Amino acid sequence: MRRIIKIGTSSTLDKAGHINHHRLGIITRGVTQLIEDGDSLALVTSGAVGLGSTLTTGPRSVLAAVGQVALAEAYRTALFPLSVAQLLIDQSHVGESSPAMALQATIHHIWNNHGVPIINENDALSGAGTRIGDNDTLAALVAGLIGADQLVILSDVDGLYTDNPVTNPGATRIGAIPKVGLEHLEQFGTGDPGPWGSGGIVSKIRAAHLAQGFGIETLLAAGHDDTVWDNLREKRYHNFTRFAGAEEASSSC
Ligand code: GLU
C-alpha cells in the first residue's frame with residue numbers, strides 16, 4: 001500500500017520547540033513496521049521552523065533552513081538502518097510540470113531502494129507565487145502526484161468533530177465522511193496551527209477534499225495516540241476520521 005503520512009509540528013517537537021524524541025521513536029517504529037509489512041511510505045513532516053527557532057534567530061526562511069538540517073538528521077538517526085532521502089519542494093513540484101515529473105520519478109526510485117522520502121516545503125526559498133503554504137495541502141498534492149492509496153494526517157486532534165472540541169465539550173468525533181464539502185468550513189473554525197505550524201483543521205479538510213478529487217482516502221488521526229500505528233497496520237480505522245476516497249453519498253460535511 002502506498003501511503004503519504006503527514007506528521008505535524010505538534011508530533012515532531014515538544015512545547016519548547018525541541019525534537020520530541022519519545023514521540024519520534026514511536027513514529028519511526030511504526031513507519032519501520034509498515035515498511036516491513038510491504039508498504040511504500042513518504043513522510044511529509046513539519047517542524048523545521050519551530051526547531052530552527054531554538055537554534056538561531058532571523059526570518060522564517062532562515063529558521064526553516066537551519067531547522068530542516070536538524071529535523072532531517074533526527075529522522076535519519078531514528079529510522080536507521082533505513083535510508084532517509086530529503087525532498088524540499090514548492091508549488092513547481094506539483095501538478096503537471098517537469099519538476100513534478102522529476103519529483104514523482106525520484107520518489108519511485110527511493111521506494112525501489114526501500115528508502116523513506118522525508119518531504120517538507122522549501123520554506124527557505126519559496127515565496128509569493130511559489131509557496132504551497134501548509135503541509136496538509138502539500139501532502140495531498142504529493143499523494144495525487146504519486147497515485148497514493150491513502151493520505152494519513154497525524155495531528156494534535158484525533159479527528160474531525162461536530163464542533164470545536166476545545167470550546168464545546170459536547171462535540172463528538174465524526175467517524176466517516178463520505179463527501180468532503182468545503183461549504184461548511186466555517187463551522188469548524190480556523191483551528192489552531194500552534195506557534196510554528198501553518199495548518200489548523202481547515203487545511204486538513206481542504207487536504208481531504210483535494211485527495212478525494214484524486215480518488216484517495218484521507219485518515220485524520222492523533223499523532224500522540226500510540227495505537228495509531230498498529231491500527232494502520234491492521235487497517236482498523238475506528239479511532240480516526242475517515243474521509244472517503246471517492247464520493248459515496250450525496251451528504252457533505
Ligand atoms: N513547513 C513548516 C515547517 O517545517 C510547517 C508547515 C505546516 O505546519 O503546515 O515548520
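The values are calculated or read from the model by the stated rules, or taken from the named source; none is laboratory data. Predicted model, so just to flag it, every value in this text is computed and none were measured. Every residue, glycine as well, gets a Cβ built from its backbone with ideal geometry; the counts of neighbours run over all protein chains shown. When the accessible area is computed, the model is the full protein with side chains, heavy atoms only, and any ligands, DNA or RNA have been set aside. Shrake-Rupley method; radii C 1.70, N 1.55, O 1.52, S 1.80 Å.
Considering only residues in the stretch 166-193 that are crowded, with 19+ Cβ neighbours inside 10 Å and in a loop (DSSP other than H, G, I, E, B), the one that is modelled with the highest pLDDT turns out to be Val180. As for the stretch 3-17, it holds no residue that is open to solvent by 10 Å² or more (accessible area, probe 1.4 Å), free of Cβ contacts under 8 Å to residues at least 60 places away in the same chain and either within 11 Å of the ligand (Cβ to nearest atom) or assigned to a strand (DSSP E or B) (or both). Inside the stretch 18-36, residues that are without any contact (Cβ under 8 Å) to a residue 12 or more places away in the chain and not in a loop (DSSP other than H, G, I, E, B) make up a count of 2. Restricting attention to the stretch 194-239 and to residues that are among the polar types (S, T, N, Q) and within 16 Å of the ligand (Cβ to nearest atom), the residue that is modelled with the highest pLDDT turns out to be Thr218.
Quickly run through the stretch 117-165 and pick out the residues that are open to solvent by less than 40 Å² (accessible area, probe 1.4 Å), within 14 Å of the ligand (Cβ to nearest atom) and part of a loop (DSSP other than H, G, I, E, B). Matches in the stretch 117-165: Asn122, Asp123, Ala124, Ser126, Gly127, Ile132, Gly133, Asp134. Summed over the stretch 56-85, the residues that are of a type in the set (Ser, Thr, Tyr) and closer than 17 Å to Thr12 by Cα give a count of 2. Cβ-Cβ contacts under 7 Å between residues 6 or more apart (or on different chains), taken from a first residue in the stretch 107-129 that is within 15 Å of Ile146 (Cβ to Cβ) to a second residue that is open to solvent by less than 30 Å² (accessible area, probe 1.4 Å) and not hydrophobic (A, V, I, L, M, F, W, C), are listed as Ile107/Pro117; Ile110/Pro117; Ile118/Thr45; Ile118/Tyr75. Selection within the stretch 96-106: residues that are open to solvent by less than 50 Å² (accessible area, probe 1.4 Å) and touching a residue at least 12 places away in the same chain (Cβ under 8 Å). The member of this set that is nearest to Gly50 (Cα to Cα) is Leu103. The condition (being open to solvent by less than 20 Å² (accessible area, probe 1.4 Å) and either in contact with a Phe, Trp or Tyr (Cβ under 9 Å, 6 or more places away or on another chain) or away from the ligand (no atom under 12 Å from the Cβ) (or both)) is satisfied by just one residue among Ser53, Ser46, Ser83: Ser46.
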